[in-house]
Amino acid sequence: AELQANGTFVNLLPELEAPVFKMDLKGYPSKGKANAPIQLVEFADYRCSYCVEAKAAIEKVMKEYPDKIEYFYIDYPVIDRGTPGISTAVAHGGYCAGKQGKYWQFHNKAYDMASRLDMNSPLAIAKELGLNQKKFDICMATKKEDAYGEYVKKALDFAQEIGVLSTPSFFINGQPKAFNNLEEDLKKEVERLINAKKK
């Protein structure tokens with residue numbers, strides 16, 4: 001620090017860049033403009049309090065940049081710590097709701113009751129959304145049919161492969177990002193990428 005202060009030391013090392021991962025996002029729920037210039041991926045758990053806060057921040061930023069962001073949500077039931085429990089059951093419920101075209105409605109309801117979720121919540125949310133109960137029950141009872149088992153396993157393997165250990169974890173255009181103030185920092189990153197495209 002003393003050498004830097006008197007000008008006899010200069011750090012010429014380039015700033016480290018986070019790696020960019022090739023992300024196969026086929027089959028994961030998404031919203032926003034398809035193939036938008038900014039691809040935002042979140043690994044999250046419905047029972048994670050920080051994920052609840054992140055949901056609100058992401059919605060605000062997407063509303064501000066409706067044509068610039070395609071958002072992918074990956075159910076990563078990290079709170080269950082490898083043993084299927086409430087988080088896995090709710091993720092399963094979201095998958096089954098998605099089979100009836102109601103993934104995001106289920107997603108929103110699950111987050112609305114994040115602190116009160118239990119093993120009965122998927123069924124309660126399905127009833128509230130007016131889903132076909134028989135189809136939902138069959139989907140929930142079947143662990144592997146129609147790739148649900150693979151859907152969860154794929155997400156867990158995917159997270160492990162790219163070093164995701166906690167929720168929420170974010171990637172923008174394949175690059176991991178850490179935010180101190182999610183809404184503010186995400187806006188800055190979006191603006192940075194938009195301006196970079198203009199050059």
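Work out the FRET efficiency for Lys22 and Lys60 from their Cβ-Cβ distance, taking R0 = 25 Å, and round it to the nearest 0.05. List each step's numbers first, then the result.
Details: r = 29 Å, r/R0 = 1.16.
It comes to 0.30.
At q = 0.10, 0.17 Å⁻¹, what log₁₀ I(q)/I(0) does a Debye calculation on the Cα points of the chain give, no solvent, two decimals? After summing over all Cα pairs, the log10 values are -0.47, -1.16. When the chain is treated as a GNM with alpha-carbon contacts under 10 Å, the residue of Leu40, Leu186, Leu165 showing the greatest mean-square fluctuation is Leu165.
Percent of accessible area on the chain owned by carbon and sulfur, 1.4 Å probe? Let's see the in-between values first.
Values: 6230 of 11870 Å².
Carbon with sulfur: 53 percent of the solvent-accessible area.
A crude spin-label estimate for the pair Ala141 and Thr8, with each label 7 Å from Cα along the Cβ direction, gives 8.0 nm.
Taking 20 °C and 1.002 mPa s as the conditions, I'd like the Stokes-Einstein D for the stretch 78-139 in µm²/s, using the Kirkwood hydrodynamic radius from alpha carbon pairs.
Values: Rh = 11.5 Å.
For the chosen part, D equals 187 µm²/s.
The GNM of the chain, with springs linking C-alpha atoms under 10 angstrom apart, assigns the highest mean-square fluctuation among Gln105, Gln133, Gln39 to Gln133.
Taking Cα atoms only, the orientation of helix 148-161 departs from the longest principal axis of the chain by about 20 degrees. Once you sort the root eigenvalues of the Cα gyration tensor of the stretch 24-86 as a ≥ b ≥ c, which label holds: rounded (a/c under 1.5), prolate (a/b larger than b/c) or oblate (the other case)? It comes out oblate by the Cα gyration axes.
Summing Lys and Arg as +1 and Asp and Glu as -1 over all other residues whose Cβ lies under 13 Å from the Cβ of Tyr73 gives a net charge of -3.
How big is the convex hull of the Cα atoms of the stretch 78-185, per residue, in Å³?
Values: hull volume 13.9 nm³, N = 108.
Roughly 129 Å³ of hull volume per residue.
Per the helix-only calculation at 222 nm, which mean residue ellipticity applies to the chain, given -39500 (n - 2.57) for every DSSP H run of n ≥ 4 and division by its residues, nearest 500 deg cm²/dmol? Walk me through the numbers before you get to the answer.
Numbers: 8 runs with 91 residues, N = 199.
Computed mean residue ellipticity for the chain: -14000 deg cm²/dmol.
Using a simple spin-label model with pseudo-atoms 7 Å out from Cα toward Cβ, Asn35 and Asn181 lie 3.6 nm apart.
Calculate, for Lys197 and Ser49, the FRET efficiency according to 1/(1 + (r/R0)^6) with r their C-beta to C-beta distance and R0 35 Å; round to the nearest 0.05. List each step's numbers first, then the result.
On the way: r = 35 Å, r/R0 = 0.99.
It comes to 0.50.
Neighbours of Phe158, meaning other residues whose beta-carbon lies under 15 angstrom from its beta-carbon, give a summed charge of -3 when Lys and Arg score +1 and Asp and Glu score -1.
For the set Lys63/Lys188; Lys22/Lys177; Lys55/Lys188; Lys68/Lys154; Lys55/Lys154, the pairs lying more than 19 angstrom apart at their alpha carbons are Lys68/Lys154; Lys55/Lys154. Between the C-alpha center of the stretch 86-122 and that of the stretch 38-77 there is a gap of 16 Å. First measure r as the distance between the Cβ atoms of Thr83 and Asn120, then evaluate 1/(1 + (r/R0)^6) with R0 = 25 Å and state the FRET efficiency to the nearest 0.05. That pair, Thr83 with Asn120, gives E of 0.85.
The values are calculated or read from the model by the stated rules, or taken from the named source; none is laboratory data. Quick caveat, the model's predicted, so the values are computed rather than measured. Because the Cβ atoms are built from the backbone with ideal geometry, glycine has one as well, and the counts that use them run over all protein chains shown. Note: accessible area is taken over every heavy atom of the protein model, side chains too, but ligands, DNA and RNA are not part of it. Shrake-Rupley method; radii C 1.70, N 1.55, O 1.52, S 1.80 Å.
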